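J.: Structure below; questions to follow.
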Amino acid sequence: MHLHKYEKIWLGFGVFALIVFLSVVGVSAFHQGHTPSGGHMTIDPENVRGTAPFDEPGVHQREDGSYEVVIIAKAFGYEPSEIQVPVGEEVTFTVTSEDVVHSFSIVETNVNMMVVPGQVNHKTHTFSEEGSYLIVCNEYCGSGHHFMSTEIEVIGQ
Amino acid sequence: MEKKNQPQPSLKGTFISVMAVGIFIVLMWVSIYLLYIARL
Amino acid sequence: MKDAMISVKDRKLALTNIGVAYAAFLIGTLCGLLQVFIRNDALTLPGWLDYYQVLTAHGLLLAIVFTTFFIFAFFHSGISRTLGDFSPKVRGWNWAGFWVTLIGTMLVVVMIVAGQASVLYTFYAPLQAHGLFYVGLALFVIGTWIQGFALIAHYLKWKKQHKGELSPLFAFMTIATIILWVIACLGVVATVLFQFIPWAFGWTNGINVELSRSLFWYFGHPLVYFWLLPAYMAWYVVVPKIIGGRVFSDSLARLSFVLFILFSIPVGFHHQLTEPGIASFWKFLQTVLTFMVIIPSLMTAFSMFATFEMRGRELGGRGLFGWVSKLPWKDVRFTSIFIAMLFFIPGGAGGIINASFQMNEVIHNTLWVVGHFHITVGTPVAMTFFGLTFWLVPYLSGRRFTKSLQRMAFLQIATWSVGMLLMSTAQHLLGLLGAPRRTAYTGYQHDSALAWFDGVLSNHVTMAVGGSILFLSAILLIYIVVQLWWLAPKSDENSYVTFPIATSDTSATPAFLENWKLWIGIAIVLIAVAYTIPLSDMIQHAPPGSGRFQTW
Ligand code: HEM
Ligand SMILES: [Cu+2]
Ligand SMILES: [Cu+2]
């Protein structure tokens with residue numbers, strides 16, 4: 001097998017770029033904590049409300065001062081339907097589904113979580129600006145999928 | 001083999017073209033990465 | 001010279017496959033037209049038809065049915081052309097496979113039309129379609145396997161008669177693609193047979209949702225390479241002949257296909273980057289493997305430009321880019337595929353972004369993704385197939401691709417390009433603004449959402465304009481196909497259409513490239529490394545299964 005000189009340079013450049021891309025996202029993910037949303041807790045999808053923390057959906061302040069927002073997604077809405085969190089504080093979203101697959105996606109942020117029945121998903125985010133953010137379900141969940149949305153109020157302290 | 005002695009074909013245009021593709025890929029990737037950072 | 005013509009019986013087999021492909025194409029693109037209008041609130045469907053029913057049909061008919069039937073038509077005719085006519089037995093099995101695939105398709109379509117399967121082409125559990133929908137999917141896959149194995153049998157017979165020879169490049173690539181397809185389908189077959197069918201018919205009660213998703217995407221990513229590789233075959237083997245050139249490097253072409261077998265399967269988690277149930281480590285490992293599969297595409301980019309430059313220089317092109325003007329731009333068989341390649345540049349670049357681990361959160365399940373696959377499968381692959389259609393149909397039907405039809409073909413690819421440019425640009429930008437995919441009209445009363453109907457390019461209306469042009473283009477293509485199949489003047493001794501196969505110099509190609517056992521073995525090892533632990537975790541730590549939901 002014979003490679004033309006230019007092809008060697010091209011492949012060298014390409015592979016180098018790919019390594020740089022991977023290193024950048026890898027370091028950012030594993031050293032700075034920016035992994036995509038995920039979780040390893042499972043839950044009985046038929047007994048979501050009987051299982052902590054989903055027995056109390058809503059915004060909770062933790063001992064260390066950060067916030068947890070516990071959310072149940074279901075066809076075709078979210079519980080609680082009104083969410084308020086303070087600006088500049090670390091907020092962890094904890095979500096699961098009572099029925100089919102949904103998503104919990106806050107428009108114009110990196111919070112874009114799949115909500116899978118039987119699984120609990122987490123994502124930590126700090127809002128840097130006050131205001132009302134749109135939340136949509138962007139995974140097909142049935143005839144009312146395009147109505148499945150809510151808002152989150154980020155308020156000053 | 002006889003091939004080895006032949007000069008390599010001129011592929012300057014090819015080289016510039018693929019490098020342009022490569023730079024396009026890098027630019028597009030960087031812009032979305034910056035968007036990701038801006039939305040952190 | 002007529003020796004390049006394949007037997008009438010093989011032609012009929014290939015043509016019938018093309019017929020099904022374009023029937024699906026017609027209905028599928030009509031669905032696409034409805035979608036772009038519904039999405040910007042310009043159209044409301046009658047009560048008996050639902051947006052998601054239409055979208056299920058669109059996804060399945062175009063991404064699965066159109067592509068698969070066309071691909072097999074291309075394989076049948078190309079294998080018959082390069083390895084010789086099929087024996088009655090091989091042909092018989094190919095027909096059998098065709099019918100099973102078709103029956104599967106019909107079953108799926110009937111269930112969608114009956115409103116029993118509005119689950120989209122990904123059919124994510126625990127949405128539950130009618131059991132027969134899944135039976136149809138299984139039949140579809142089995143039918144393609146029968147055809148695939150019939151082609152492999154034909155190839156093995158050729159190998160036996162040509163001991164020690166490398167197979168022709170076209171045949172090599174076909175076999176590589178079939179191997180990829182068979183290994184890939186194992187995942188979807190497993191979830192459909194062992195999870196969905198027993199559950200949908202009520203024999204079992206719960207389904208392990210995360211496992212079914214992972215098995216689906218084990219199949220779902222190589223699926224895109226099953227579409228792409230036949231297009232690459234056209235680029236590597238057909239296009240050089242059309243422009244009067246040669247294959248740039250036989251060994252590199254084969255090597256790139258081998259790399260696709262190795263690296264296109266253990267990567268499905270890059271579709272599941274934002275979901276729970278898979279540890280970040282495994283997501284990242286599969287991200288790295290995903291980046292490996294970019295390399296053969298970088299090689300392909302170089303080979304394509306090099307083929308063009310060498311031919312252009314042969315024809316007297318000088319300077320850095322003088323060769324460009326020497327290429328046969330007036331030949332629509334070439335120009336169509338060239339444009340298809342250009343679309344793959346942003347398509348591939350977008351794919352790298354999508355796969356870049358946490359960056360996936362920016363675009364996941366937004367309209368960006370829709371824009372992305374319309375400039376990967378929807379144009380580079382589909383328009384390559386259009387470019388093949390222009391000569392393959394008359395080649396098979398024994399008619400002529402007349403001057404007036406050629407002009408129409410130019411109009412067809414021009415409109416497809418413009419329409420797709422508008423639609424996919426709008427979709428990419430809307431996606432960055434957060435607009436979700438897979439939704440009917442989204443009337444969210446929020447400034448962020450109102451902006452999706454307000455921009456110049458980032459606007460649902462732009463998307464609809466593009467979609468309308470695309471649909472016109474689709475109709476034009478159907479017209480051309482009908483002409484080339486039944487109505488255009490018959491060809492004679494001097495005017496018959498050929499099946500372009502470029503010569504490929506195998507003198508420097510090492511024989512181990514055709515050692516399939518080796519490559520399949522390595523592929524299985526890579527799959528085992530990437531999947532064994534995360535999948536067994538999903539099974540061992542499975543939550544109670546999910547029930548059946550019909551939320552449409
Ligand atoms: C007339 C031409 C076409 C138009 C107007 C069109 C339009 C659309 C639109 C607007 C969507 C997004 C719908 C949504 O997410 O709500 C979509 C989805 C899709 N399109 Fe197309 N499209 C066309 C051709 C094609 C072709 C040729 C292919 C593939 C060969 C294709 C494959 C797909 C797939 C796989 C989906 C995703 C379905 C899903 O999310 O389940 N489309 N199309
Ligand atoms: Cu939903
Ligand atoms: Cu993929």
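J.: Would you mind listing the strands (runs of 3 or more DSSP E) fully within region A:8-103 where at least 3 residues are of a type in the set (Ser, Thr, Tyr)?
T.: Working: elements: A:58-61, A:67-74, A:77-79, A:82-86, A:90-97.
Fully inside region A:8-103 and qualifying: A:90-97.
J.: Take residues that are open to solvent by less than 10 Å² (accessible area, probe 1.4 Å), out of contact with any His (no Cβ under 9 Å at 6 or more places or on another chain) and not aromatic (Phe, Trp, Tyr) and tell me which of the helices (runs of 4 or more DSSP H) falling wholly in region C:156-249 contain 2 or more. Let's see the steps before the verdict.
T.: Details: elements: C:169-190, C:197-200, C:209-233, C:239-242.
Answer list for region C:156-249: C:169-190, C:209-233, C:239-242.
J.: In region C:421-467, what residues are more than 10 Å from chain A (Cβ to nearest Cβ), open to solvent by 20 Å² or more (accessible area, probe 1.4 Å) and not in a helix (DSSP H, G or I)?
T.: Answer for region C:421-467, where residues must be more than 10 Å from chain A (Cβ to nearest Cβ), open to solvent by 20 Å² or more (accessible area, probe 1.4 Å) and not in a helix (DSSP H, G or I): C:Asp454, C:Gly455, C:Val456, C:Leu457, C:Ser458.
J.: How many of the residues making up region C:481-499 are surrounded by fewer than 20 Cβ atoms within 10 Å (Cβ to Cβ) and either at pLDDT below 90 or farther than 24 Å from C:Ala24 by Cβ (or both)?
T.: 9
J.: With respect to C:Ile539, determine if the residue is assigned to a helix (DSSP H, G or I) and within 23 Å of the chain's Cα centre (by Cα). Give the steps one after another, and end with the answer.
T.: Details: assigned to a helix (DSSP H, G or I): yes; within 23 Å of the chain's Cα centre (by Cα): no.
For C:Ile539, the condition - assigned to a helix (DSSP H, G or I) and within 23 Å of the chain's Cα centre (by Cα) - is not met.
J.: Then there's this: Suppose we filter region A:86-100 for residues that are within 20 Å of A:Ser132 (Cβ to Cβ) and more than 16 Å from the chain's Cα centre (by Cα); how many remain?
T.: 4
J.: Also, I was wondering about something else. So in region C:46-59, with the set limited to residues that are within 13 Å of chain A (Cβ to nearest Cβ) and either outside any helix (DSSP H, G or I) or small (Gly, Ala, Ser) (or both), which one is nearest to ligand 2 (Cβ to nearest atom)?
T.: In this case the residue turns out to be C:Asp50.
J.: Let me confirm something: among C:Leu62, C:Leu43, which residue is part of a helix (DSSP H, G or I) and not β-branched (Val, Ile, Thr)?
T.: On the way: C:Leu43 fails: part of a helix (DSSP H, G or I).
The conditions single out C:Leu62.
J.: Moving to a separate point now. Could you look through region C:324-349, keep only residues that are within 17 Å of the chain's Cα centre (by Cα) and within 14 Å of chain A (Cβ to nearest Cβ), and pick out the one that is most open to solvent (accessible area, probe 1.4 Å)?
T.: Residue satisfying both the conditions and the ranking: C:Ile345.
J.: Then there is this: Could you grab me the full set of residues in region A:120-131 that are part of a strand (DSSP E or B) and either more than 15 Å from ligand 2 (Cβ to nearest atom) or at pLDDT below 95 (or both)?
T.: So in region A:120-131, the residues part of a strand (DSSP E or B) come out as A:121-126, A:131.
Those that are part of a strand (DSSP E or B) and either more than 15 Å from ligand 2 (Cβ to nearest atom) or at pLDDT below 95 (or both): A:His122, A:Lys123, A:Thr124, A:His125, A:Thr126, A:Gly131.
J.: Could you identify the single residue in C:Ala523, C:Ala508, C:Ala530 that is farther than 30 Å from C:Tyr395 by Cβ, open to solvent by 20 Å² or more (accessible area, probe 1.4 Å) and not polar (S, T, N, Q)? First the steps, then the outcome.
T.: On the way: C:Ala523 fails: open to solvent by 20 Å² or more (accessible area, probe 1.4 Å); C:Ala530 fails: open to solvent by 20 Å² or more (accessible area, probe 1.4 Å).
Sole residue among the options that is farther than 30 Å from C:Tyr395 by Cβ, open to solvent by 20 Å² or more (accessible area, probe 1.4 Å) and not polar (S, T, N, Q): C:Ala508.
Each row is one residue, and each column tells you yes or no for (1) at pLDDT 95 or above; (2) within 18 Å of A:Asp99 (Cβ to Cβ); (3) open to solvent by less than 60 Å² (accessible area, probe 1.4 Å).
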residue	(1), (2), (3)
A:Gly12	yes, no, yes
A:Val15	yes, no, yes
A:Leu18	yes, no, yes
A:Gln32	no, no, no
A:Thr35	no, no, yes
A:Met41	no, no, no
A:Ala52	no, no, no
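J.: Which residue pairs have Cβ atoms closer than 9 Å, lie 6 or more positions apart in sequence or on different chains, and pair a first residue in region C:516-529 that is over 7 Å from C:Leu262 (Cβ atoms) with a second residue that is exposed (fewer than 12 other Cβ atoms within 10 Å of the Cβ)?
T.: From region C:516-529, the pairs are C:Leu518/C:Phe512.
The rows are residues; the columns are (1) surrounded by fewer than 22 Cβ atoms within 10 Å (Cβ to Cβ); (2) within 16 Å of ligand 1 (Cβ to nearest atom); (3) part of a helix (DSSP H, G or I).
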residue: C:His372; (1), (2), (3): no, yes, yes
residue: C:Gly387; (1), (2), (3): no, yes, yes
residue: C:Tyr395; (1), (2), (3): no, no, yes
residue: C:Gln406; (1), (2), (3): yes, no, yes
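J.: If A:Ser28 passes every condition in (1) within 22 Å of the chain's Cα centre (by Cα); (2) more than 8 Å from chain C (Cβ to nearest Cβ) but one, which one does it miss?
T.: Going through the list (1) within 22 Å of the chain's Cα centre (by Cα); (2) more than 8 Å from chain C (Cβ to nearest Cβ), A:Ser28 breaks only (2).
J.: Select from region A:139-157 the residues that are more than 7 Å from every other protein chain (Cβ to nearest Cβ) and open to solvent by 50 Å² or more (accessible area, probe 1.4 Å) and list them in ascending order. Please lay out each step first, then the result.
T.: Within region A:139-157, the first condition is being more than 7 Å from every other protein chain (Cβ to nearest Cβ), and the residues that meet it are A:144, A:147-148, A:150, A:152-157.
If the condition is that a residue be more than 7 Å from every other protein chain (Cβ to nearest Cβ) and open to solvent by 50 Å² or more (accessible area, probe 1.4 Å), then A:Phe147, A:Glu153, A:Ile155, A:Gln157 are the ones that fit.
J.: On to the next question. Among the residues of chain B, which ones are within 30 Å of C:Ser507 (Cα to Cα), at the interface with chain C (Cβ under 7 Å from one of its Cβ atoms), modelled with pLDDT of 90 or more and open to solvent by 40 Å² or more (accessible area, probe 1.4 Å)?
T.: B:Lys12, B:Ile16
J.: Tell me which of these C:Met299 doesn't satisfy, since it passes every other one: (1) open to solvent by less than 20 Å² (accessible area, probe 1.4 Å); (2) at pLDDT 95 or above; (3) facing another protein chain (nearest Cβ under 9 Å).
T.: (2)
For (1) among the aromatic types (Phe, Trp, Tyr); (2) more than 22 Å from C:Phe74 (Cα to Cα), each residue gets a yes or a no:
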{"residue": "C:Ala231", "(1), (2)": "no, no"}
{"residue": "C:Ser251", "(1), (2)": "no, yes"}
{"residue": "C:Phe257", "(1), (2)": "yes, no"}
{"residue": "C:Val267", "(1), (2)": "no, yes"}
{"residue": "C:Lys283", "(1), (2)": "no, yes"}
{"residue": "C:Thr300", "(1), (2)": "no, no"}
{"residue": "C:Leu315", "(1), (2)": "no, yes"}
{"residue": "C:Trp329", "(1), (2)": "yes, yes"}
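J.: Taking C:Phe98, is it touching a Pro at 6+ places or on another chain (Cβ under 9 Å), part of a helix (DSSP H, G or I), at pLDDT 95 or above and open to solvent by less than 10 Å² (accessible area, probe 1.4 Å)?
T.: Values: touching a Pro at 6+ places or on another chain (Cβ under 9 Å): no; part of a helix (DSSP H, G or I): yes; at pLDDT 95 or above: yes; open to solvent by less than 10 Å² (accessible area, probe 1.4 Å): yes.
For C:Phe98, the condition - touching a Pro at 6+ places or on another chain (Cβ under 9 Å), part of a helix (DSSP H, G or I), at pLDDT 95 or above and open to solvent by less than 10 Å² (accessible area, probe 1.4 Å) - is not met.
J.: Within region C:232-266, track down each residue that is hydrophobic (A, V, I, L, M, F, W, C), within 16 Å of ligand 3 (Cβ to nearest atom) and within 23 Å of C:Ala382 (Cβ to Cβ). Explain how you work it out, then say what you get.
T.: Step one: of region C:232-266, the residues hydrophobic (A, V, I, L, M, F, W, C) are C:233-235, C:237-239, C:242-243, C:247-248, C:252-253, C:255, C:257-263, C:265.
Keeping just the survivors that are within 16 Å of ligand 3 (Cβ to nearest atom) gives C:259-263, C:265.
Within region C:232-266, just C:Phe260 meets the criteria.
Results for (1) in contact (Cβ under 8 Å) with a residue 24 or more places away in the chain; (2) more than 9 Å from chain C (Cβ to nearest Cβ); (3) surrounded by fewer than 22 Cβ atoms within 10 Å (Cβ to Cβ), shown as yes or no for each residue.
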{"position": "A:Ser66", "(1), (2), (3)": "yes, yes, yes"}
{"position": "A:Ala73", "(1), (2), (3)": "yes, yes, no"}
{"position": "A:Pro86", "(1), (2), (3)": "yes, yes, yes"}
{"position": "A:Val100", "(1), (2), (3)": "yes, no, no"}
{"position": "A:Asn121", "(1), (2), (3)": "yes, no, no"}
{"position": "A:Glu130", "(1), (2), (3)": "yes, yes, yes"}
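J.: So C:Met359 passes all but one of these: (1) in contact (Cβ under 8 Å) with a residue 24 or more places away in the chain; (2) within 30 Å of C:Pro276 (Cβ to Cβ). Which condition number does it fail?
T.: It is condition (1) that C:Met359 fails.
Conditions (1) facing another protein chain (nearest Cβ under 7 Å); (2) within 16 Å of ligand 3 (Cβ to nearest atom); (3) of a type in the set (A, V, I, L, M), marked per residue:
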position	(1), (2), (3)
A:Leu3	no, no, yes
A:Thr42	yes, no, no
A:Thr51	no, no, no
A:His60	no, no, no
A:Val95	no, no, yes
A:Phe104	no, no, no
A:Thr109	yes, no, no
A:Val116	yes, no, yes
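J.: Just to be sure, is C:Ile278 away from ligand 1 (no atom under 16 Å from the Cβ), open to solvent by less than 20 Å² (accessible area, probe 1.4 Å) and within 10 Å of another protein chain (Cβ to nearest Cβ)? Let's see the steps before the verdict.
T.: On the way: away from ligand 1 (no atom under 16 Å from the Cβ): yes; open to solvent by less than 20 Å² (accessible area, probe 1.4 Å): yes; within 10 Å of another protein chain (Cβ to nearest Cβ): yes.
So C:Ile278 passes the test.
J.: Suppose the filter is touching a residue at least 12 places away in the same chain (Cβ under 8 Å) and within 14 Å of another protein chain (Cβ to nearest Cβ); does C:Thr389 pass it?
T.: Details: touching a residue at least 12 places away in the same chain (Cβ under 8 Å): yes; within 14 Å of another protein chain (Cβ to nearest Cβ): no.
Spelling it out, it is not the case that C:Thr389 is touching a residue at least 12 places away in the same chain (Cβ under 8 Å) and within 14 Å of another protein chain (Cβ to nearest Cβ).
The values are calculated or read from the model by the stated rules, or taken from the named source; none is laboratory data. Treat the numbers as computed from the prediction; the structure is a model and nothing was measured. Heads up, the Cβs are rebuilt from the backbone with ideal geometry, glycines too, and the neighbour counts pull from every protein chain shown. Protein only, heavy atoms only, side chains kept; ligands, DNA and RNA dropped before computing areas. Shrake-Rupley method; radii C 1.70, N 1.55, O 1.52, S 1.80 Å.
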